[in-house]
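The values are calculated or read from the model by the stated rules, or taken from the named source; none is laboratory data. Please read these numbers as outputs of a predicted model, since none were measured by experiment. Neighbour counts are summed over all protein chains in view; Cβ atoms, including those assigned to glycine, are modelled from backbone coordinates with ideal geometry.
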C-alpha cells in the first residue's frame, strides 16, 4: 500500500513584491501530494473542499495520479481560503485573512482501503486532526509530521502527543527553537528527538536544511536562487518530495534519507519559481534529476590531504 | 616566497554569557597567521605592538614558525586594545571600547625580503592601510582581502579601490548585502565580483559559507557546534586556514579553493571552542584532518536515481 497525505486544501490569495494572485490552488495536502507524485504511487489525499472548488484543480491532481477517495466535497460549502502578503526579500509574511469555511468542521475519515497505507504524511494542520488521522490507521511503517509556530503556540500539549508517535518531524529553525526553548539549533534538535521522533529535519530556508538521526547529522545546501517568485507551499513541497522519494526507495537508511532531503529541496526550489502550484505541476523527471545533481555539485568537494 | 599577512595585533577584553577574559591575545593578523601556519611556510606578519606586548605571545607565534621581521615593537607605546561583550547565543556583540594606541599611527613597512611574497592576506584593517601594503608589494600571485561593515560604512570608496586589486574578498552575508545594496545574496555576489575580485567568499556563521568563482558556486556546511565559547577571531581564522591551505597546495583551481574553504571552516570551528587564540594554538595535524573529513561526512550524499 501507498502514501497517505492529510492536510489542508485551500484557495490562496497571495501578494508578493512582484505580483498578486487571487484564489489560486494551495493548502498543505495539495503541495505535498503533487510533489510526492513525481516519485511514487499510489498517493492518496485526505481533505475537504466546498463545491466552489474548481474542477480544473481536481483534474490537475488526477493528472498526477493522486487518489481522491478521501477528499470530501461539501455541497453548498466554501473551500478554506487564506490570504498572505510577502514583504521585500520574502523574509516577512503577513496573514491577510483566514476563512476556514468547510475546514472549520473538518472531520477526517480515512476510507477503509487507505487505512493500511505504509507511509503517512501529516501535513500542517491542527495537531488534534493529525492525531485523529493516526488513530484511524493500521500501524503505518513510517509517519512524517509537519507543523508550524501557530500550533506550538496554541496547542503545544496536543502537538507533543502527536510528536511522540511520529518517525520524523519537519520544522523550521525558529520553530525548533520555540518548541525546545533552546536557541542553539544542534542542542534543540537533540531535545526534540528526545520528545519522540527518531529523525528530525530542521529547514533553514535560504540556508538549506539539517537532518538529524542515527546519531548523525546531514547538512543539505540550499539551491542558489536568483529570484524567488512565491515561497508559499515550499515547506509542504519539501515534505512531499522527501516522503515520495523515501516511499519509492523503500529504504529508511540515513543515506537514503539524505537523498530524500535533497529531492525535497529540489522540488521546493521549483515550487518557489512560480505562483501557487504552477512551479511543480509540469516537471519532467530529467529536470528533477538534473537539479538533484546540481545540488551534489554545489556541496561536493574532494579529499584534501594535509 | 611565502605568505604575507597584514592586519592588527591586539589585546582583547572579552565578555561572553559564560566567562570573561582581560588582555587576551587578539587581532586579525594573529588569528590569520596562527591558522595558516598549520598548512604552509614561510608565514610572515606585518603589524605593530607596544612594548607592553607579552613575551609569551611572541613565543607562541615563534613556536608556529611565524616570521616577525615585519612586526614593529614601539618603545614606550601601548598595544591596540579592544573590548567586546557577546549576548545570549552570540548573535549580538557590543564593542565596549577601542583603544587604538600604537595602531593609530601604524605605517606598515614591508621589509625588502618580504615584498616578493607570493600570497598576501589583507586582514581586516582600514582599506587605506591595505592599499599601502599592496603598493609596496612586487606583484603577488594571489591576494586575499578581509574587511568589515565599519569600512563599508566609513571608507567605502577606499575599500572599492582595494577590492579592484584583490583576487578574493571574504565577507559575511550582511556585509555583502551592505556593500552591494542587494538583499538577495546570490545577486549580491555577482555584483561584488563585478567590482573586481574574481572570487568571493560569503560567510554565514552557523549556516556555513558560500564560495563564488569560475561561474560556479560551492556551498560549505557549518560544523554543528553544541557549544560556542568565544567567536572572536573566527572570521580571521577562517581566512588564515583558507589562505594557508591554498598556499601549500599551489593550486588555484576551484576544486582546490573548495577544500581551502573547508579547512578555513575547520580551523574556525576549533577557534570558537576556547577563548582568544587558545583553540588554535595546539592542534595536531591529525585532529585538523579528522575534522576536515567530518565536514565531508556532514555534507556528502550518494547519487539517488529516479
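Structure data summary
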item	result
Any chance residue A:183 is facing chain B (nearest Cβ under 8 Å) and surrounded by fewer than 24 Cβ atoms within 10 Å (Cβ to Cβ)	yes
Residue within region A:204-222 that is in contact (Cβ under 8 Å) with a residue 12 or more places away in the chain, more than 9 Å from chain B (Cβ to nearest Cβ) and within 26 Å of residue A:86 (Cβ to Cβ) present	yes
Test: residue in region B:192-204 that is assigned to a helix (DSSP H, G or I) and either in contact with a strand residue (DSSP E or B) (Cβ under 9 Å, 6 or more places away or on another chain) or modelled with pLDDT of 95 or more (or both)	yes
Extreme residue, surrounded by the most Cβ atoms within 10 Å (Cβ to Cβ), among residues of region B:236-284 that are within 11 Å of chain A (Cβ to nearest Cβ) and free of Cβ contacts under 8 Å to residues at least 40 places away in the same chain	B:260
Selection count where residues are in contact with a helix residue (DSSP H, G or I) (Cβ under 8 Å, 6 or more places away or on another chain) and under 19 Å from residue A:77 (Cβ atoms), scope region A:1-16	5
Residue that is modelled with the lowest pLDDT, among those in region A:163-191 that are more than 18 Å from the chain's Cα centre (by Cα) and under 24 Å from residue B:296 (Cβ atoms)	A:184
Residue match in region B:72-79 (condition: within 22 Å of residue B:41 (Cα to Cα) and modelled with pLDDT of 95 or more)	yes
Filter result (within 23 Å of residue A:31 (Cβ to Cβ) and either in contact (Cβ under 8 Å) with a residue 40 or more places away in the chain or facing another protein chain (nearest Cβ under 10 Å) (or both)) within region A:285-304	A:285, A:286, A:288, A:289, A:291, A:292, A:294, A:295
Hits in region A:3-49 - residues which are touching a residue at least 40 places away in the same chain (Cβ under 8 Å), surrounded by fewer than 20 Cβ atoms within 10 Å (Cβ to Cβ) and over 22 Å from residue A:268 (Cβ atoms)	A:23, A:42
Complete set of residues in region A:191-212 that are crowded, with 21+ Cβ neighbours inside 10 Å and under 19 Å from residue A:166 (Cα atoms)	A:192, A:197, A:200, A:201, A:202, A:203, A:210, A:211, A:212
Matching strands (runs of 3 or more DSSP E) fully within region A:17-91 where at least 2 residues are away from chain B (no Cβ under 14 Å) and in contact with a helix residue (DSSP H, G or I) (Cβ under 9 Å, 6 or more places away or on another chain)	A:20-26, A:43-50, A:66-74
Residue that is farthest from the chain's Cα centre (by Cα), among those in region B:72-94 that are within 17 Å of residue B:33 (Cβ to Cβ) and crowded, with 19+ Cβ neighbours inside 10 Å	B:79
Test: residue in region A:171-179 that is within 12 Å of another protein chain (Cβ to nearest Cβ) and part of a loop (DSSP other than H, G, I, E, B)	no
Test result for residue A:101, more than 18 Å from the chain's Cα centre (by Cα), surrounded by 13 or more Cβ atoms within 10 Å (Cβ to Cβ) and at positive phi	yes
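For every residue, the table says whether it meets (1) buried (at least 20 other Cβ atoms within 10 Å of the Cβ); (2) modelled with pLDDT of 95 or more; (3) under 21 Å from residue B:261 (Cα atoms).
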position	(1), (2), (3)
B:123	yes, yes, yes
B:131	no, yes, no
B:138	no, yes, no
B:141	no, yes, yes
B:156	no, yes, no
B:161	no, yes, no
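Residue-wise test of (1) without any contact (Cβ under 8 Å) to a residue 60 or more places away in the chain; (2) part of a helix (DSSP H, G or I); (3) farther than 26 Å from residue B:242 by Cα.
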| position | (1), (2), (3) |
| --- | --- |
| B:96 | no, no, yes |
| B:107 | yes, no, yes |
| B:120 | no, no, no |
| B:129 | no, yes, no |
